Every structure is written in structure tokens, then in C-alpha cells.
1. Counting residues that are open to solvent by less than 10 Å² (accessible area, probe 1.4 Å), farther than 26 Å from Ala387 by Cβ and not basic (Lys, Arg), which strands (runs of 3 or more DSSP E) fully inside segment 92-204 reach at least 1?
2. State whether one or more residues within segment 213-226 are open to solvent by less than 50 Å² (accessible area, probe 1.4 Å), part of a strand (DSSP E or B), modelled with pLDDT under 95 and among the small types (Gly, Ala, Ser).
3. Can you confirm whether Thr292 is open to solvent by 10 Å² or more (accessible area, probe 1.4 Å) and of a type in the set (Val, Ile, Thr)?
4. Do we have Gly346 as in contact with a Lys or Arg (Cβ under 6 Å, 6 or more places away or on another chain) and closer than 15 Å to Ile258 by Cα here?
5. Keeping to segment 194-219, report how many residues are within 30 Å of Glu286 (Cα to Cα) and of a type in the set (S, T, N, Q).
6. Run down Ser111, Ser96, Ser165, Ser127 and say which single residue is modelled with pLDDT under 95, in contact with a Phe, Trp or Tyr (Cβ under 8 Å, 6 or more places away or on another chain) and polar (S, T, N, Q).
7. Taking the stated definitions as given, is Pro259 in a loop (DSSP other than H, G, I, E, B) and buried (at least 19 other Cβ atoms within 10 Å of the Cβ)?
8. Answer with yes or no whether Val242 is under 30 Å from Leu69 (Cα atoms), part of a strand (DSSP E or B), among the aliphatic types (A, V, I, L, M) and open to solvent by less than 50 Å² (accessible area, probe 1.4 Å).
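The values are calculated or read from the model by the stated rules, or taken from the named source; none is laboratory data. Computed from a predicted structure; not experimentally measured. Methodologically, a virtual Cβ is constructed for each residue, glycine included, from the backbone with ideal geometry; neighbour enumeration extends over all protein chains shown. The protein model used for the area step is the full one, side chains on, heavy atoms only, and it has no ligands, DNA or RNA in it. Shrake-Rupley method; radii C 1.70, N 1.55, O 1.52, S 1.80 Å.
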Amino acid sequence: MVSSTIDHMVAVTVFLAATLLFIGLFNQTIQTAVIYQRHRATATRASDLLDNMLLNPGIPVNWGQEDELPTGFGLQDPEFTQYRISSFSLMRLTSSSGTSVFYPKTGETYSNITIGDKNFLLVSHGSSLNYTTALDLLGIRNEYGFQLTFKPIVTVTITEDQAASPLRLSLNAYGTGFPLANARVTYCMLSVSLNGGQPSYSIDTGESTTNEDGSVTLEFVEVTKSSSSYSFIAYVHIGGLVGVGYHERVSGEEAYIIPLVDDVSEGRILIAHSFDIDYYDPPSSEVKYNATLVYLADDFTLREMPLENSYGHVNSGEGSPYEVVNIPTDNPGILIITYKKSTVEGGLVMMPWGVSSLAFPVVFGGDPASQEWVATDMRQVIVGGVAYQVTIALWSLEGYQVVG
């Protein structure tokens with residue numbers, strides 16, 4: 001009797017333990033299935049959101065060239081269809097890749113995309129669309145977070161092999177894992193002159209073709225001094241695939257000009273002294289400047305567009321005002337500003353008017369690095385004629401995980 005009772009109790013105990021173990025395993029399986037469905041839903045939402053951003057221009061359709069905030073978020077170029085993106089809408093997105101810049105003379109903070117030492121795109125936060133506003137316009141605030149990354153497909157690198165007599169530059173162009181062999185290269189050399197009262201530059205253009213390795217060597221006999229300042233811009237194109245590369249050399253690194261986009265709709269650009277941004281208590285210094293806008297023609301050559309009030313000087317320190325240059329066009333271009341501190345110190349800075357002119361990358365949104373699971377999707381797009389790859393990273397804010 002006692003033995004059968006013990007056997008019964010052991011059997012019941014084993015049964016209950018097996019039942020609890022089964023319930024635990026079943027519950028974990030159900031949670032895993034639920035999370036899989038949520039991941040799948042997030043991935044589908046990422047694809048839908050990306051197409052929604054890239055295949056509609058937003059409201060109003062020309063918000064990228066205005067200063068007011070849009071009421072609907074979209075990045076498509078309103079003059080085209082399919083995956084063609086507005087260079088100016090991208091310019092108005094608050095950058096997540098660079099540290100914002102504060103300019104004491106206006107009291108404004110500027111979204112910062114700086115490539116290299118002297119290539120700037122600094123847009124006033126008053127003219128920028130921030131991440132939080134974009135979440136509200138997309139209707140996903142407190143539900144999802146995202147990050148958009150626009151990166152040029154074609155990478156063009158330019159190195160200086162010989163400094164002068166002649167200046168020799170090597171250009172290498174490659175796409176996603178392959179060189180651009182037999183691609184057409186259209187280039188211009190901007191040579192800076194520091195003689196006379198105001199700095200100036202001359203433009204020499206030319207064409208060439210890359211070899212089987214996607215490389216080409218170019219020589220410029222007119223550059224006879226290793227101290228001469230210049231900027232070299234090259235457009236590489238083959239079969240509708242277009243990329244941009246540039247390289248510059250300046251004499252003197254201390255004082256230079258920094259352009260700030262103060263108002264997009266009016267094309268209002270502030271000419272600031274670098275000391276007023278780089279120093280807490282800037283020393284007194286004067287820099288002369290001369291500004292010109294160039295734009296890319298259909299034949300991939302750069303054409304000049306003169307600007308009113310294009311030259312002058314700025315002084316650093318309190319009480320010295322900044323200067324203003326207005327860009328009178330809604331077409332993408334490159335603002336080129338030659339500057340001069342002395343007859344031996346000077347150079348030029350470049351600012352894209354529309355990000356595609358110099359193929360600037362754009363990163364917009366939150367940080368996916370600390371997220372548990374992130375869905376990604378990508379598209380190939382055209383921004384102002386330049387080929388880009390855009391990637392979206394999307395994550396849910398629900399914070400789910402499997403409980404064992």
C-alpha cells in the first residue's frame with residue numbers, strides 16, 4: 001500500500017514537472033514566433049517607408065528650396081519621377097554625421113557636413129528639418145526610429161604625385177567592388193592667384209579616359225610652384241553612372257573663409273572668418289575673398305555664374321560684421337570662394353549648392369547602434385545627376401525579447 005502510494009506521488013510529480021517544462025518550452029516557442037512576425041513586420045515597414053520617402057516630393061513639392069517646414073515628408077525631385085531625389089531637400093536635412101557649428105555673430109547653430117579641410121555645407125538649423133519633425137510627419141513617432149544614409153555609388157579618389165613643373169595628379173574611380181574602366185573623365189583645374197588687391201582664380205578644363213584599372217594620370221604644366229593653391233574637380237561617367245571627386249591644396253592653414261547657408265529660399269550665404277568659429281576669443285585678422293558660383297552643364301563642364309557683391313573682406317573678432325552673398329538660382333552648383341590673407345597665404349573653399357554638386361554623403365536620423373534588432377533596405381537613386389545608394393535602418397521602439 002505504502003509502495004503504491006509512493007509510486008503514485010512520484011508519477012504525479014514527474015507528470016507535473018513534464019507539464020511545466022512543456023508549457024515553458026511552448027511559451028518560448030510562441031514568443032519566438034511572435035518576435036519573428038514583429039521583425040518581419042518591421043522589415044516590411046522599412047521597405048514601405050523608404051519608398052514613401054523616395055517616391056513622393058513631400059508637401060509642398062518644392063519644400064527643399066523654401067525655408068518653411070514641410071507638412072508632408074518626401075525627398076523626390078518634383079521635376080522627375082521614379083527614384084530621382086531633390087538635391088535641395090537633402091541639403092535641408094539636419095546632419096547626423098557631423099558636429100553642429102555655432103556662429104557667435106548670428107547666435108545661430110548650423111547643421112554640419114564638412115568633407116576634407118575646405119569643403120563645407122553648413123545650413124542654419126532654422127532652415128533645416130530635424131529628425132523629430134520628420135518622425136511626426138511620417139506618423140511613426142514613439143513607434144519606430146530610423147536612419148537614412150545617402151552614399152555616392154562611384155568613389156573617385158585623387159592624389160598628388162608631383163607638386164609642380166608639372167603638377168601630376170592620379171585619379172582612381174571605382175563603383176561597388178569594381179573599377180570604372182574606360183570611363184570618360186571631365187575635369188577642371190581652378191588655379192588661385194593671390195596677386196593684386198583681391199584673390200582670383202582661373203579655370204582650365206579638359207577630358208580624359210580611365211584605363212582598365214579605372215585610373216588615369218593628369219599633368220598640368222601651368223602649375224610651376226609647389227606653394228601654389230589650386231582645386232581640382234573631376235566628373236567620371238559611364239553608361240549613365242556618374243561620380244564626383246575633388247582635391248585641393250592651399251597655402252597657409254590659419255585664416256580662411258567659412259560659408260554659412262543662412263536662408264535657403266533667398267540663397268543667402270554668410271561669409272564668416274574662420275577665427276570666429278574656431279576660437280573662443282578670436283585674434284584680430286583680415287581675410288579678403290572673391291566668390292563665384294559654377295554649375296554643371298549637360299556636357300559635364302563647369303560654367304561660371306557671376307554673383308553680385310561677390311568680393312570684399314571680413315575681420316575676426318567682436319564688432320566686425322560678416323558679409324553676405326546671394327545665390328540667384330535654384331539649380332545645383334558649387335560656390336567657390338577664393339581667399340587671401342597675404343600674397344603668400346590663401347586658397348579657396350568650396351560649398352555645394354545642393355548636395356549632389358560635390359557628391360556629399362548625407363546621414364539623417366537616429367542612431368541604430370544600440371538597438372536590439374534593426375531592419376535595413378536600400379535603393380539606387382539619382383541625386384542631381386549623380387548616382388547614390390540610399391539605405392534605411394528601421395527599428396521598433398517596443399523593446400521586445402524572448403523570456404525563457
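1. Values: elements: 101-103, 108-114, 120-124, 144-152, 155-162, 167-174, 184-193.
Per the criteria, 101-103, 108-114, 120-124, 144-152, 167-174.
2. no
3. Working: open to solvent by 10 Å² or more (accessible area, probe 1.4 Å): yes; of a type in the set (Val, Ile, Thr): yes.
Taking the combined requirement at face value, the residue satisfies it.
4. Values: in contact with a Lys or Arg (Cβ under 6 Å, 6 or more places away or on another chain): yes; closer than 15 Å to Ile258 by Cα: yes.
Against the criterion (in contact with a Lys or Arg (Cβ under 6 Å, 6 or more places away or on another chain) and closer than 15 Å to Ile258 by Cα), Gly346 qualifies.
5. Filtering segment 194-219 for residues within 30 Å of Glu286 (Cα to Cα) gives 194-204.
From what's left, of a type in the set (S, T, N, Q): 195, 198, 200, 202.
So the answer is 4.
6. Numbers: Ser111 fails: in contact with a Phe, Trp or Tyr (Cβ under 8 Å, 6 or more places away or on another chain); Ser165 fails: in contact with a Phe, Trp or Tyr (Cβ under 8 Å, 6 or more places away or on another chain); Ser127 fails: in contact with a Phe, Trp or Tyr (Cβ under 8 Å, 6 or more places away or on another chain).
Just a single option satisfies the conditions, and that option is Ser96.
7. Numbers: in a loop (DSSP other than H, G, I, E, B): no; buried (at least 19 other Cβ atoms within 10 Å of the Cβ): yes.
Against the criterion (in a loop (DSSP other than H, G, I, E, B) and buried (at least 19 other Cβ atoms within 10 Å of the Cβ)), Pro259 does not qualify.
8. Values: under 30 Å from Leu69 (Cα atoms): no; part of a strand (DSSP E or B): yes; among the aliphatic types (A, V, I, L, M): yes; open to solvent by less than 50 Å² (accessible area, probe 1.4 Å): yes.
No; evaluated as a whole, the condition is false for this residue.
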